[in-house]
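Trainee: Sharing a structure here in structure tokens format.
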Amino acid sequence: MFVVTGATGNVGRSLVQTLAATGAQVTATSRGISDADVPDNVEYRRADLVDPESLRPVFDGADALFLQNGGPSAHLLSPQDILGVAKAGGVGRVILLSSQGVATRPRSASHGGTARAIEDAVQQSGMAWTILRPGGFHSNAYAWAESVRARRTVAAPFADIGLPTIDPDDIAEVAAAVLREDGHAGQIYELTGPALNTPRQRAEAIADALGEPVRFIEQTRDEARGQMLQFMPEHVVETTLTILGEPTLAEQHISPHVEQVLGRTPRTFTDWAQRHIAAFR
């Protein structure tokens with residue numbers, strides 16, 4: 001049986017659906033999960049990674065754990081306690097959704113440092129482990145949905161600087177393969193899309209999927225910073241803007257790992273936009 005944490009998130013929700021479609025036994029968990037969040041044949045339990053004891057009943061009879069790294073709450077986690085409770089429940093394998101920033105921004109607490117601490121705990125847990133390190137998600141474009149719906153505009157900085165963003169569904173499919181197949185223990189997979197894409201190109205892809213023009217407005221760094229500070233801590237904003245505006249070669253590297261695991265190329269942003277265009281109408 002597989003336990004999927006963060007089961008209402010971009011990756012976790014897709015992973016639960018992917019595993020359930022194969023007939024796998026899955027327990028989905030997150031803080032506010034309900035029966036509306038999971039397929040009919042999937043068990044769910046409310047639990048909080050910040051409270052490892054709340055996870056104890058979730059792990060009974062489980063073989064493997066998909067552990068998301070906590071996102072904005074990662075600094076509140078006690079990964080050793082989470083993994084200890086998992087081992088006590090019989091879990092022998094853990095697949096960690098980490099971050100590319102562990103390798104590319106190791107000195108950044110928001111993008112690499114905290115995630116590294118969780119990776120270290122997983123690697124020292126005594127369980128078989130696999131680590132997934134995705135870069136930026138295609139689904140970050142949901143931040144533009146309101147302005148596209150209301151005004152048919154997209155505003156973003158660094159219009160023509162590209163990053164190899166990835167479809168969360170591809171991350172989920174890689175995670176499902178790692179959970180179901182042998183041969184992935186001790187591996188670290190960097191997960192990216194198939195090509196660099198820029199904010200301007202992403203806006204054009206949304207316009208094409210809509211069949212209507214979408215005007216792109218290039219923000220200054222200060223304009224973008226002011227907007228992002230409304231919902232992100234300052235230190236996260238500064239590192240994020242640096243990645244978007246001055247990415248390293250490693251952050252622009254196109255990884256072969258999705259294709260190696262799945263036997264196909266990753267999905268493009270254009271494909272993502274076409275599948276999710278209802279959010280922008």
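The values are calculated or read from the model by the stated rules, or taken from the named source; none is laboratory data. Treat the numbers as computed from the prediction; the structure is a model and nothing was measured. Here the Cβ positions follow ideal geometry from the backbone for every residue, glycine too, while neighbour counts run over all protein chains shown. Please note that ligands, DNA and RNA were not included when accessible areas were found on the heavy atoms of the full protein model with its side chains. Shrake-Rupley method; radii C 1.70, N 1.55, O 1.52, S 1.80 Å.
Trainee: Treating the stretch 86-215 as a set of equal point scatterers at the Cα positions, no solvent, please give the Debye-formula log₁₀ I(q)/I(0) at q = 0.10, 0.13, 0.18 Å⁻¹.
Mentor: -0.44, -0.67, -1.00
Trainee: From the residues 78, 247, 126, which one has its Cα farthest along the dipole of the chain in the positive direction, the dipole being from +1 and -1 charges on Cβ of Lys/Arg and Asp/Glu about the Cα centre?
Mentor: Comparing the listed Cα positions along the dipole, 247 ranks first.
Trainee: Treating the beta-carbon of each Lys and Arg as +1 and of each Asp and Glu as -1, no other charges, what is the dipole magnitude of the stretch 136-222 about its Cα centre, to the nearest 20 debye?
Mentor: Working: 8 positive and 14 negative charges, 101 e Å.
That gives the stretch 136-222 a dipole magnitude of about 480 debye.
Trainee: Let me ask something else. Please calculate how many Å² of accessible area the stretch 204-281 carries per residue, with a 1.4 Å probe and no DNA, RNA or ligand atoms counted.
Mentor: Details: 4550 Å² over 78 residues.
Here the per-residue accessible area is 58 Å².
Trainee: To the nearest 10 square angstrom, what accessible area does residue 253 show with a 1.4 Å probe?
Mentor: 90
Trainee: With only alpha-carbon atoms counted, please give the Rg and Dmax of the stretch 184-281, in Å.
Mentor: 16.3, 47
Trainee: Looking at the stretch 1-141, I'd like the Rg to Rh ratio, where Rg is from alpha-carbon atoms and Rh is Kirkwood's inverse mean 1/r.
Mentor: Details: Rg = 14.3 Å, Rh = 15.1 Å.
Ratio value, two decimals: 0.95.
Trainee: Report, as a whole number in µm² per second, the diffusion coefficient that Stokes-Einstein gives for the chain at 25 °C and 0.890 mPa s using the Kirkwood radius over alpha carbon pairs. Don't jump to the answer; show the numbers that get you there.
Mentor: On the way: Rh = 19.5 Å.
In µm²/s, the coefficient rounds to 126.
Trainee: Could you list log10 I(q)/I(0) for the stretch 146-198 at q = 0.17, 0.19, 0.24 Å⁻¹, which the Debye formula gives when each Cα is one point scatterer?
Mentor: Evaluating at q = 0.17, 0.19, 0.24 Å⁻¹ gives log10 I(q)/I(0) of -0.73, -0.81, -0.98.
Trainee: Okay, moving on. What figure in square angstrom, to the nearest 10, would you give for the accessible area of residue 137 with a 1.4 Å probe?
Mentor: Its accessible surface works out to 50 Å², give or take rounding.
Trainee: Where the only charges are on Cβ atoms (+1 Lys, Arg; -1 Asp, Glu), what is the dipole of the stretch 221-277 about its Cα centre, to the nearest 20 debye? Please list the in-between numbers first.
Mentor: Numbers: 5 positive and 8 negative charges, 69 e Å.
It works out to roughly 340 debye.
Trainee: How big is the charge dipole of the chain about its Cα centre, in debye rounded to the nearest 20, if each Lys and Arg gets +1 on its Cβ and each Asp and Glu gets -1 on its Cβ? Working shown, then result.
Mentor: Values: 24 positive and 33 negative charges, 62 e Å.
Using Cβ point charges on Lys, Arg, Asp and Glu, the chain gives about 300 debye.
Trainee: Under a 5 Å amide H to amide H cut-off, with H placed in plane at 1.01 Å, what residues pair with residue 69 once short-range neighbours are removed?
Mentor: 97
Trainee: Would you work out what percent of the accessible area of the stretch 1-155, with all protein chains in place, is carbon or sulfur (probe 1.4 Å)? Let's see the in-between values first.
Mentor: Numbers: 2960 of 6570 Å².
After summing per-atom areas, the C and S share lands at 45 percent.
Trainee: Taking the DSSP beta bridges in the chain as the whole, what percent of them are antiparallel, to the nearest 5? Write out the running numbers ahead of the final one.
Mentor: Numbers: 1 of 33 bridges.
Close to 5 percent.
Trainee: What per residue convex hull volume, in Å³, comes out for the stretch 4-72 when only alpha-carbon positions are used? Walk me through the numbers before you get to the answer.
Mentor: Details: hull volume 5.7 nm³, N = 69.
Hull volume normalised by residue count: 83 Å³.
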